[in-house]
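> Structure incoming, see below.
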Amino acid sequence: MEFVLGIDGGGTKTQAAIMNRQGEIAARCQAGATNLNSSTVEQLKVVFKDLFSALESQLPGSLEQISYTFAGIAGAGNEKNKQCIEDIIKSFLPSEAVICVESDTMNALYSGTYGKPGIVHISGTGSITYGINSRQQQDRVGGWGYLLGDEGSGYDIGRQGVIAALKAYDGRGRATILLEMLYDQFAVDDPQDLIKKIYAAPAPKNEISALSRIVMKAYLQGDSQAQAIVDAAVREIVWSIQTLYIKLFAANEQAAIVLCGGVFDERAVRGKLQDKLRNHVELTIVLPKMPPVGGSLIGAFQLSGENLEEEQINNIIRTIH
């Protein structure tokens, strides 16, 4: 084994990294989206071509020396999509290279467990809880998209913030500083213009998700409505984690809970979550020290049948940034 390749593909961007046996990053690059549910096969081929061209230019000749590849790709939850992505990746690598395509949630999990069993909860624009146990059984909770789920996500928090502000304006809800904060954010002074700005945005879902930061600011200023929204989001996250734990793990079995996504950048959310799980001594909260693409490299290394040593993991953390 000369090199392993890890790929973390999502609906916005795709990152790839090449690692040597010592766990040192030799090349790393970024390209466009690779979610087959929102991209055509031809678009995927172009993105992967850009990705592999960038890696080859950084480290000439490296692609021919890649023995194992782990690609965690959004939308790779069914066999048809997995096979399609694997076929595209194969076209750029040696015929003998081992390639594994899985959901991108595995990258996030391995970024915190370093290839061991556990649960990852991702709360970014959307949300999902995913896990794998010692018997290699996998399962998930949530992740049903912003129309039908994504509880506890940035979108959910932002949307609830706008709803609370509009209810306060109507007189249907309690007073909240969220309304004035949203006016300032969009440079408007009435709810009609506020709604117009949100609906006219190129990507309303992303626009609303970004408003979670406004809710967090109001929360830190003691606004009761913002506090209720954050409390509700944390309850949903805890419920998802507990539900998946029961599905995958035996009673009192130890499990790492990896937290990923922008919602957990807020210390208040992490603190509330830890308080809610304080009595569950079988659960250990983990905040990843490497990005998800690092988790994909761990997945690639494990395809060789070897486990990473502590020194190799530390080298990934040291060199991937």
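> If you take the residues of the range 31-51 that are of a type in the set (S, T, N, Q) and free of Cβ contacts under 8 Å to residues at least 24 places away in the same chain, which of them is surrounded by the most Cβ atoms within 10 Å (Cβ to Cβ)?
Restricting to residues being of a type in the set (S, T, N, Q) and free of Cβ contacts under 8 Å to residues at least 24 places away in the same chain, the top hit is SER39.
> Now for a separate question. Just checking, how many residues over the range 112-138 are charged (D, E, K, R) and within 16 Å of the chain's Cα centre (by Cα)?
0
> Confirm whether GLY149 is in a loop (DSSP other than H, G, I, E, B) and within 18 Å of VAL238 (Cβ to Cβ).
yes
> I would also like to ask the following. Which ones in the range 83-103 are within 21 Å of ILE132 (Cα to Cα) and modelled with pLDDT of 90 or more?
ILE99, CYS100, VAL101, GLU102
> With the requirement that a residue be out of contact with any Gly (no Cβ under 8 Å at 6 or more places or on another chain) and within 17 Å of ALA232 (Cβ to Cβ), what does the range 169-212 give you?
Within the range 169-212, GLY173, ARG174, THR176 meet the criteria.
> Moving to a separate point now. Out of the residues in the range 265-308 that are polar (S, T, N, Q) and surrounded by 18 or more Cβ atoms within 10 Å (Cβ to Cβ), state the one that is nearest to ILE7 (Cα to Cα).
So the residue we want is SER296.
> Let me confirm something: among ALA108, ALA54, which residue is under 13 Å from the mean Cα position of the chain (by Cα) and either surrounded by fewer than 19 Cβ atoms within 10 Å (Cβ to Cβ) or not assigned by TED's automatic domain parsing to the domain that holds LEU297 (or both)?
Answer to the check: ALA108.
> Then there is this: For the range 276-288, enumerate the residues that are touching a helix residue (DSSP H, G or I) at 6+ places or on another chain (Cβ under 9 Å) and free of Cβ contacts under 8 Å to residues at least 40 places away in the same chain.
Selection gives LEU277, HIS280, GLU282, ILE285.
> Next question, about the same structure. If a residue must be among the hydrophobic types (A, V, I, L, M, F, W, C) and assigned to a loop (DSSP other than H, G, I, E, B), how many such residues does the range 276-321 contain?
7
> Under 7 Å between Cβ atoms, which residue pairs at least 6 apart in sequence (or on different chains) link something in the range 66-94 that is in the same structural domain as GLY294 (by TED's automatic domain parsing) and part of a strand (DSSP E or B) with a partner that is among the polar types (S, T, N, Q) and surrounded by 19 or more Cβ atoms within 10 Å (Cβ to Cβ)?
Here the result reads PHE70/SER296; ALA71/SER296; GLY72/SER103; GLY72/ASN107; GLY72/SER296; ILE73/THR34, each pair linking the range 66-94 to a residue that is among the polar types (S, T, N, Q) and surrounded by 19 or more Cβ atoms within 10 Å (Cβ to Cβ).
> Of all residues in the range 309-320, which are surrounded by fewer than 18 Cβ atoms within 10 Å (Cβ to Cβ) and more than 23 Å from the chain's Cα centre (by Cα)?
Across the range 309-320, the qualifying residues are GLU309, GLU310, GLU311.
> Now for a separate question. So, in the range 1-30, how many residues would count as being buried (at least 17 other Cβ atoms within 10 Å of the Cβ), touching a residue at least 60 places away in the same chain (Cβ under 8 Å) and aliphatic (A, V, I, L, M)?
Final tally of qualifying residues: 7.
> Another one. How many residues are within 15 Å of VAL263 (Cβ to Cβ) and among the hydroxyl-bearing types (Ser, Thr, Tyr) when one looks only at the range 213-228?
Looking only at that region, the number is 1.
> Any residue in the range 237-250 that is within 19 Å of ARG270 (Cα to Cα) sitting within a Cβ distance under 7 Å of a residue that is assigned to a helix (DSSP H, G or I)? List the pairs, counting only those 6 or more apart or interchain.
From residues that are within 19 Å of ARG270 (Cα to Cα), the pairs are ILE237/LEU273; VAL238/LEU273; VAL238/LYS276.
The values are calculated or read from the model by the stated rules, or taken from the named source; none is laboratory data. Small disclaimer: the values here were computed from a predicted structure and weren't measured. So basically every Cβ, Gly included, is an ideal-geometry build from the backbone, and we count neighbours across all protein chains shown.
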